[in-house]
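Colleague: One structure, as structure tokens, below. Some questions next.
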Amino acid sequence: MQRRSLPSLIFHLRVEFLTALALLFSALATQPVFAADDYKFPIGIPSEMGAEKFSEKLNAFIIAAKYHQWNHDPEIRATGPYIVTTAGTIESFGTHGPGGVKVYYSPGVWAWLSGGRTGAIADGEMIVKEIFPRDPKNPEKFLNEATSYSIAIKDKKASWDGWFWSDGGPLLKPKPENALRFFDPNAGFGLSCITCHASTDNKESIFATMRNVNGPQPSFTTIVPIPMIGKATSIVDIHTPPSDERYNTETWKVPFSKKRADYWRVLDKISDGFVPEPLPFSSYDHVPQGPQPDGHKQFVTASNCSACHGATQFFSTLPNMIMPVGPKAEKLANLSPFSEWRNSMMGLSGRDPVFYAQLEAERELHPELAKEIDNTCLSCHGVMGQRQFAHDKGGDELFQHGFVTAAADKDGDHAAYGALARDGVSCAVCHRMLPDGLGTPASYTGKFKVAEKANEIFGPYQTVMTLPMEQSLGLTPKYGEQLRSSKMCGSCHTVVTPSLDRDKKYAKADVEKPAKTFHEQTTYLEWKNSEFSDEEKPDNPRKQSCQNCHMPRTYSGVGAAPLKFKIATIEDNTFPANEGRAPDAKLTLALRGEDPKEPYSRHSLHGINTFVTEMFSQFPWLLGVQRRDNLFTAENGIPGQDLALQTSLEMAQKQTAKITLFDLKRTDKGISASVKIENQAGHKFPSGVGFRRAFIEFKVTSGGQPIWVSGGTDSFGTIGITEKGVFVPLNSESLEKNQYQPHFDTITREDQVQIYELLVAGSDHHLTTSFISLRDIVKDNRILPRGWSHNGPDADLTAPVGDAKKDKDYNDGSGSDTLRYEVPLTLAPNQPLIVSATLYYQSLPPYYLKERFNFIDKPATRALFYFVNQVNLENTPMKDWKLEIASDKKSL
């Protein structure tokens, strides 16, 4: 027997345990009372009745077994081979779990089946698949009692594939006790069942043929036993409570730390026992594709993409898009597009607590523009919700912050827009983007264009199989060269905001066509003016696009070999024989990475915002995300959030910057040394939002104790000096004092610190962190990328400001900065010293958080305050709220 990965319809396998429990409790508990007519077929359709009520009625119908009157398969049949291990367990390679199935066909389905499988099946018709386990004492036979069900109800009014999928149990709701354990709901439209059903040879997405009824049934080879199978990877049912303590909702119901609250001077403004309201859970951010023939939506959630473009773990096999790692391959990394994107800050941008606190502050500064500010900012962070809303409403209404928390059980029509917004910069954002205008100011600040035809979607490959996506979502994938271009990234990573006076009132037109603007982010423009750009010199031998770094083609845990995977997992000829499947020529996917021109590129999409990534990891329930991957439930699988943090840290410490300590010597006044920082990124370091910063800690240690430190911090990352055992923050650590550290060529005192940062003043000439108040750059000494030139493209928008303009080595195009430390110390002869220079990074400097907490009475700011004060960074690389990028140490 050939052992294969068969993750088809994992949805059905995962719900077996749940369904068995549901049926048991259904029998014991009080059932909904239905009249006799309610048990008659047809029972209705969910799009008219509502999914919850329909699921209850379907559950009663199944328990009453009224479908047993229908035509059906004559006997329980296998759906694939199985193995009996040396441990005596049964491992199935079938498409419906470790057992067999018996299918019942409603009258309309039977007419379609017996009539040659042509035409359309009417709404309300149903297929009920009973699933039976194998007899553990005699695996060649099946037990006679069904333990789970897979049910499809035709309802072409609600989704493109035209089916409502169910396990037969009552509809599960997003409650605290189950939200962290589920990805797919147990019933609904557009669920992962379609992963396999999109491979059928007919538009009804049904595999069934008369052979299932009349035979002969396909036979499958079994092998009993195989010694090595005893080492099979253990699979955790997705409905089983995880052992990870972070899944215990009670652990997050912990009041804020009063000690830390006092640090921010807001103790009197927070009530005892405060815990923020959880965001709607991402498992329920599901907006399926609209119905045929012309119900295409502009955008659908990534949940529609996840089952094919996410990895699955099926018993002992190592399936597609999974990388074994570790000395003995004891861990499995899920490198699928969906999983890596889902746990990136792009996938989490619609839930980012820092963004929502910032947005709240902007509205407070200009309440008269609250709707305009929401609509503008959410056009990037909640882009699909904002754009779909504008498309549906014709631009007459503006997308508002309140829509983001809209949920299906309470907010009606806004729920779909909320789900789309919470999905962040999702699959359909990039993959429906047109090349028109990319790389020009017309596309900046998220003003890219999407395909006019709602059935078009683009990818980076010339040759693709279109049938599965056309049948499941009504989308025709096409080659899009823009997916390989940095111009695509530039549309959201060049941000131009209105520049508003703080004490002035404005109208809507002042935002739509502002008199003054400010380039709040210029990451793409920085790359354009670097040695890595290929826009002016397409044949540049040193060219590196954004995708080359942020969508790597290797996994560092196993070396530098290019990854080779299929870009999706669908039912094809690696599955058991199936008469109802489309021809192989329409389903056989290429192995990407075999051809260097068509690589398998990871969707890791990380920067180095590890501080917020850690918040999502530690507070998944409150931020509404699952730590467990979608369909990948192996016990030895690396959780997606852990892999995201690992990848981000690798980027920070291997691809960002270097530091070198040299020319270290004693002088008659103490010691002197030079420090060189080299930028290895393709843009400024730091880049992105202006409050991110890096700084140098230069430390002299004797006898294990520091005797001179420039760039020392307290446990919250505040930079200061220690005087007589007391830590004193620098004046530059509070924007209220309107002071800052200049760019240094030479440092001689502990209260002088080289901080690489962007500082901007508003119209009142005071430093500000308000994105819509930015007016004049006071300091910009962020390290330039290699090849940056004052004569290069957009140099006026990316040039250094302040003392850095006069620093010759900083401006020489090398992408580096060198400075001298002259340390005044009285030293004993031959006193042993350790001198270190460390480059640290902060995506959330304490001065920035202090500015946010000025609005602590607002809900999003209170939520951020909770996460900042409760997150435990003690045993992480971000201890003391600073991330080490690079370090060099020498003895003297």
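The values are calculated or read from the model by the stated rules, or taken from the named source; none is laboratory data. The model shown is predicted, which means the values in this text are computed figures rather than measured ones. Every residue, glycine as well, gets a Cβ built from its backbone with ideal geometry; the counts of neighbours run over all protein chains shown. In case anyone asks, the SASA skips ligands and DNA or RNA and just uses the protein heavy atoms, side chains included. Shrake-Rupley method; radii C 1.70, N 1.55, O 1.52, S 1.80 Å.
Colleague: Could you state the principal axis extents of the C-alpha atoms in the range 727-842, from the largest down, to the nearest angstrom?
Modeller: 55, 36, 23
Colleague: How much area per residue is accessible in the chain when the probe is 1.4 Å and only protein heavy atoms are counted (Å²)?
Modeller: With all protein chains present, the chain gives 41 Å² per residue.
Colleague: Hey, what's the Kirkwood Rh for the range 776-817 if you take every pair of different alpha carbons, in angstrom? Mind dumping the intermediate values first?
Modeller: Numbers: mean 1/r = 0.0971 Å⁻¹.
Every distinct Cα pair counted, the radius reaches 10.3 Å.
Colleague: If you don't mind, another one. Once you have the Cα-Cα distance between LYS40 and VAL728, take 0.36 nm times their residue separation minus that, and quote the gain in nm to one decimal.
Modeller: Values: separation 688, 0.36 × 688 = 247.68 nm, distance 7.78 nm.
Answer, rounded to one decimal: 239.9 nm.
Colleague: So between LEU797 and LYS658, what do we pick up on full extension, going 0.36 nm a residue minus the alpha carbon distance?
Modeller: Numbers: separation 139, 0.36 × 139 = 50.04 nm, distance 2.55 nm.
The LEU797-LYS658 span can extend by a further 47.5 nm.
Colleague: Percent of Cα-Cα pairs more than 16 Å apart in the range 742-800, please.
Modeller: Numbers: 980 of 1711 pairs.
Tail of P(r) above 16 Å: 57 percent of Cα pairs.
Colleague: Give me, ordered by chain and number, the residues 5 or more places off ARG592 or on other chains with an amide H under 5 Å from its own placed amide H.
Modeller: The list, which skips near neighbours in sequence, is PHE565, LYS566, ILE567.
Colleague: Which log10 I(q)/I(0) values does the range 657-743 give at q = 0.13, 0.14, 0.22 Å⁻¹ under the Debye formula, counting every alpha carbon as one identical point scatterer?
Modeller: Taken in order of the listed q values, log10 I(q)/I(0) reads -0.59, -0.69, -1.30.
Colleague: Testing the spin-label approximation: label points 7 Å from Cα along Cα→Cβ at ALA828 and LYS203. State their distance in nm.
Modeller: Between ALA828 and LYS203, the label points sit 9.1 nm apart.
Colleague: Taking θ as phi - 60°, what are the ³J(HN,Hα) couplings along the range 738-744 by the Karplus curve (6.51, -1.76, 1.60), each to the nearest whole Hz, with x for Gly and Pro?
Modeller: Whole-Hz 3J(HN,Hα) from phi for the range 738-744: 6, 10, 8, 7, x, 7, 9.
Colleague: Pull up all non-local amide H partners of GLY712: gap of 5 or more, or a different chain, and H-to-H distance under 5 Å with H placed in the peptide plane.
Modeller: Those lying under 5 Å, H to H, from GLY712 are GLY720.
Colleague: Could you check what % of the DSSP bridge pairs in the chain are antiparallel, to the nearest 5? Provide the component values of the computation, followed by the final result.
Modeller: Values: 96 of 106 bridges.
Roughly 90 percent of the DSSP beta bridges within the chain come out antiparallel.
Colleague: Report, in listed order, any pair from LYS269/LYS879; LYS447/LYS858; LYS543/LYS808; LYS528/LYS808 with a Cα-Cα distance greater than 24 Å.
Modeller: Details: LYS269/LYS879 27 Å; LYS447/LYS858 30 Å; LYS543/LYS808 26 Å; LYS528/LYS808 22 Å.
From the list (LYS269/LYS879; LYS447/LYS858; LYS543/LYS808; LYS528/LYS808), the Cα-Cα distance tops 24 Å for LYS269/LYS879; LYS447/LYS858; LYS543/LYS808.
Colleague: Divide, for the range 535-669, the radius of gyration over alpha carbons by 2.2 N^0.38 Å, where N is the residue count.
Modeller: Values: Rg = 21.6 Å, N = 135, 2.2 N^0.38 = 14.2 Å.
Scaled against compact globular proteins, the figure is 1.52.
Colleague: Okay, next question. Please report the orientation-averaged projected area of the range 783-892, defined via the convex hull of its C-alpha atoms, in nm².
Modeller: Numbers: hull surface 47.2 nm².
The Cα convex hull of the range 783-892, projected and averaged over all directions, gives 11.8 nm².
Colleague: Another question about this same structure. For the range 359-368, in order, what is each residue's ³J(HN,Hα) by Karplus, 6.51 cos²θ - 1.76 cosθ + 1.60 with θ = phi - 60°, in whole Hz (x at glycine and Pro)?
Modeller: Taking θ as phi minus 60°, the curve returns 4, 4, 5, 5, 5, 5, 5, 9, x, 5 Hz for the range 359-368.
Colleague: Where a ≥ b ≥ c are the square roots of the eigenvalues of the C-alpha gyration tensor, would you call the range 591-736 rounded, which needs a/c under 1.5, or, failing that, prolate if a/b is larger than b/c, or oblate? Write out the running numbers ahead of the final one.
Modeller: Values: a/c = 2.55, a/b = 1.72, b/c = 1.48.
Prolate is the answer for the range 591-736, as a/c is 1.5 or above and a/b outweighs b/c.
Colleague: Over the range 754-803, what is the relative contact order in percent, taking alpha-carbon pairs closer than 8 angstrom and at least six residues apart?
Modeller: Numbers: 67 pairs, mean separation 16.8, N = 50.
The normalised contact order for the range 754-803 reaches 34 percent.
Colleague: Give the lysines reachable from LYS141 as a straight Cα distance under 30 Å; neighbours fewer than 8 places away on the same chain don't count.
Modeller: In chain and number order, the partners are LYS66, LYS102, LYS129, LYS231.
Colleague: Rounded to a whole number, what % of the accessible area of the chain do carbon and sulfur atoms account for, probe 1.4 Å? Working shown, then result.
Modeller: On the way: 18790 of 36460 Å².
In the chain, the share of accessible area belonging to carbon and sulfur is 52 percent.
Colleague: Another one. Within straight cross-link reach of LYS586, meaning Cα distance under 17 Å, which aspartates and glutamates are found once same-chain residues fewer than 8 apart are removed?
Modeller: Cross-link targets: ASP201, GLU204, GLU470, GLU571, ASP572.
Colleague: Here's a follow-up. Applying the Karplus parametrisation 6.51 cos²θ - 1.76 cosθ + 1.60 with θ = phi - 60° to the phi angles of the range 707-723, what ³J(HN,Hα) value in whole Hz is obtained for each residue in order, glycine and proline being reported as x?
Modeller: Here the 3J(HN,Hα) series is 10, 7, 9, 10, x, x, 9, 8, 6, 9, x, 6, 7, x, 10, 9, 10 Hz.
Colleague: Next question, about the same structure. The chain: percent of C-alpha pairs farther apart than 50 Å? List each step's numbers first, then the result.
Modeller: On the way: 96340 of 397386 pairs.
Every Cα pair in the chain considered, those over 50 Å come to 24 percent.
Colleague: Further, regarding this structure: Where does the range 500-579 land on the Kirkwood hydrodynamic radius, alpha-carbon pairs, in angstrom?
Modeller: On the way: mean 1/r = 0.0538 Å⁻¹.
Answer for the range 500-579: a Kirkwood hydrodynamic radius of 18.6 Å.
Colleague: Under the 0.36 nm per residue contour assumption, what length would be gained going from the current alpha-carbon distance of ALA65 and ALA515 to full extension? Walk me through the intermediate numbers first.
Modeller: Working: separation 450, 0.36 × 450 = 162.00 nm, distance 7.00 nm.
Full extension from ALA65 to ALA515 adds 155.0 nm.
Colleague: Here is a further query. Any idea what the relative contact order of the chain is, in percent, if you count C-alpha pairs under 8 Å spaced at least 6 apart?
Modeller: Numbers: 1917 pairs, mean separation 110.4, N = 892.
Reported relative contact order: 12 percent.
Colleague: Follow-up. Tell me the relative contact order for the range 481-621 as a rounded percent, counting alpha carbon contacts under 8 Å between residues six or more apart.
Modeller: Working: 138 pairs, mean separation 27.5, N = 141.
Value for the range 481-621: 19 percent.
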